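Asker: Provided herewith is a single structure, encoded as structure tokens, for subsequent inquiry.
Every number in this text was worked out from the coordinates using simple rules, so none of it is lab data. Worth saying up front: this structure is predicted, and the values here are computed from it rather than measured. No Cβ is skipped: glycine too gets one built from the backbone with ideal geometry, and neighbour counts run over all protein chains shown.
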Amino acid sequence: MTNMEALHELWEKEKVGLREIRETQPERLVVPPGAPHMFSMIGIPVPAKQLPEGYLKHSPLDFIVEEIDEKGKVVRTDDSEAPAPQPFTPGPDGLVVGADLIKVGIGTNDACQHIANMLNIPVERVAYAGMKDELAVTAQRITVQGVEPERVEGLSDPNLLVRFARAKTKPKRIGNLEGNRFTIFIRTKEPLNRKDIAPQIDRLKKEGFVNYYGVQRFGAPRLLSHLCGAHVMRGDPESAVRTFLTDPSPFEYPLWADIRANMRAHWGDWNAMLSDTQQLPYSLRYERGMLEALARGGEDRFAQAVASLGSVAKLWCMSYASLLANLYLTDTTAARKPLPREIPLLLGQDRSADAFYAPWLKQHGTERWRENVARYSFLSLGKNPTLQTRVRPTIHAWEIVPEGLVISFDLIKGAYATTFLESLFTIVAASPVPTWLKTTKYDTKELLKTGSLAEVRSRFANAIRGAMVMGVAADE
């Protein structure tokens with residue numbers, strides 16, 4: 001059995017168990033009441049104004065993300081026209097194959113791992129420009145190194161399709177895109193009034209919104225990734241491991257919370273902790289991988305356990321850098337000071353960012369982060385990463401329907417759709433599904449005259465159903 005087949009088997013096994021729990025113990029799959037506002041966890045001010053309630057991601061079909069590549073071309077979910085063929089001539093990086101990846105109900109890192117498993121190559125040879133949402137329908141460019149194009153073309157499993165393999169001169173790099181096009185259906189509690197929503201959309205088109213990093217950047221639904229990153233960057237891998245494996249989160253389902261409580265009780269007995277995770281072998285696959293690394297032992301077992309997660313641990317550090325950016329944006333806007341056009345991000349070779357964030361680095365004990373992350377190969381520092389502080393969306397079309405709002409818009413890279421939408425709605429995206437939610441199905445692209453979802457709906461029917469059964473995306 002291949003790794004991909006094993007993962008899919010774990011996914012199917014877990015879904016069966018979750019269906020049974022949903023029928024017999026539904027309270028274990030409901031976020032407990034009284035949780036704090038998510039924004040308070042990630043350095044964003046909680047909105048003072050009461051906005052209409054809107055439910056996001058009832059189905060992956062409600063949240064469509066299509067990458068805009070570095071040449072400004074949209075990678076469409078429904079594009080049936082292949083790019084013009086090019087000769088496959090190896091360049092300085094060897095044979096590089098470009099392709100389009102369409103995926104549903106799976107994160108970008110997991111999708112790349114599935115592709116690598118199907119091709120029997122290291123996952124490092126599969127590259128992308130930007131992470132895309134898990135509980136969504138997404139389309140993006142990828143590259144694969146050292147593999148013939150005919151082996152790449154048509155790769156598929158229940159959650160992904162790779163198509164339009166073609167020659168490229170070099171592999172994709174993070175940030176090698178212009179932005180993303182979103183088609184989103186926000187299902188609202190109350191019917192919307194055009195005369196109320198139109199002025200708000202016009203204002204956002206003209207003035208834009210403060211470009212905070214959204215909850216996806218912080219390991220939703222737990223929102224603890226930045227804490228793990230802070231531990232790594234202050235040179236405390238044991239605390240990073242403890243937080244990742246055992247810390248409770250107010251946004252996690254009781255089923256998950258109970259498992260973490262058991263792991264806390266069994267701390268240090270890695271095999272017992274592995275047994276604790278058996279009920280959720282797919283959702284807790286990264287935890288299981290870390291526990292296996294811990295069980296192998298060694299003097300530096302906690303640092304090795306962090307390193308074993310690779311790209312996940314890299315995202316922890318990126319989450320911490322994102323927290324610092326959010327804190328700066330919040331403090332500056334609260335003081336009614338003008339925002340600079342862009343600000344530096346921490347994880348760069350330019351040390352001026354260290355001075356920019358010095359008050360927070362000192363407060364968090366992360367001033368020596370550079371020497372503390374130098375031991376890990378998963379983190380390479382960018383040349384001079386920056387963040388644009390205010391973003392003006394390009395809005396293509398929007399329609400009010402009885403169940404809410406359907407809207408299509410473009411954002412630059414590094415901007416979050418949920419941050420934009422939270423300027424219009426109080427977003428709800430958890431279980432239980434509100435009793436007021438109307439589940440009417442729409443082809444949102446057809447409604448806005450921007451294409452069709454018919455092919456996606458047919459090809460990925462099982463993945464769409466599976467994502468809705470799970471009801472919550474795993475950390476990425």
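Asker: Could you give the semi-axes, largest first, of the ellipsoid that matches the stretch 62-178, computed as the square roots of 5 times the alpha carbon gyration tensor eigenvalues and rounded to whole Å? Intermediate results must be reported in sequence, preceding the final value.
Answerer: On the way: eigenvalues 82, 51, 35 Å².
Result for the stretch 62-178: semi-axes of 20, 16, 13 Å.
Asker: If you place +1 on the Cβ of every Lys and Arg, -1 on the Cβ of every Asp and Glu, and leave all else neutral, what size is the dipole of the stretch 232-334 about its Cα centre, to the nearest 20 Debye?
Answerer: Using only the charged Cβ atoms, the result is roughly 180 debye.
Asker: Ok, one more. For the pairs LYS13/LYS132; LYS195/LYS445; LYS132/LYS438; LYS103/LYS132; LYS103/LYS438, flag any whose C-alpha to C-alpha distance is greater than 21 Å.
Answerer: LYS13/LYS132; LYS195/LYS445; LYS132/LYS438; LYS103/LYS438
Asker: Run a plain Debye calculation on the stretch 339-381 (Cα atoms as equal point scatterers, no solvent) and give log10 I(q)/I(0) at q = 0.13, 0.30, 0.31 Å⁻¹, rounded to two decimals, same order as the q list.
Answerer: One equal scatterer on each Cα of the stretch 339-381 leads to -0.31, -1.15, -1.18.
Asker: Can I ask one more? Ranked from highest to lowest mean number of other Cβ atoms within 10 Å per residue, what is the order of the peptides 199-208, 217-226, 390-399? Intermediate results must be reported in sequence, preceding the final value.
Answerer: Numbers: 199-208: 12.9, 217-226: 24.6, 390-399: 16.0.
By packing density, highest mean first, the sequence is 217-226, 390-399, 199-208.
Asker: What is the local net charge at LYS206, summed over the other residues whose Cβ is closer than 14 Å to its Cβ (Lys, Arg +1; Asp, Glu -1)?
Answerer: Every neighbour counted, the sum reads +2.
Asker: For the chain, give the magnitude of the charge dipole about the Cα centre (Cβ charges: +1 Lys/Arg, -1 Asp/Glu; no others), in debye to the nearest 20. Before the final figure, lay out each step's value.
Answerer: On the way: 59 positive and 57 negative charges, 244 e Å.
The dipole magnitude comes to about 1180 debye.
Asker: Starting from the Cα of LYS362, draw a straight line to each of the aspartates and glutamates and keep only those under 18 Å, dropping any in the same chain fewer than 8 residues away.
Answerer: ASP236, ASP331, ASP354, GLU371
Asker: When the dipole is taken about the Cα centre of the stretch 62-178, and only Lys, Arg (+1) and Asp, Glu (-1) are charged at their Cβ, what size is it in debye, to the nearest 20?
Answerer: Dipole size: approximately 420 debye.
Asker: Mean shadow of the chain, computed from the convex hull of its alpha carbons, in nm²?
Answerer: Projected over every direction and averaged, the Cα hull of the chain covers 22.7 nm².
Asker: Which order do the peptides 58-69, 355-366 come out in when sorted by mean C-beta neighbours inside 10 angstrom, highest first?
Answerer: So the order, starting with the most tightly packed, is 58-69, 355-366.
Asker: May I ask for the distance between the Cα centers of the stretch 301-333 and the stretch 175-200, given as a whole number of Å?
Answerer: Centre-to-centre (Cα) distance: 29 Å.
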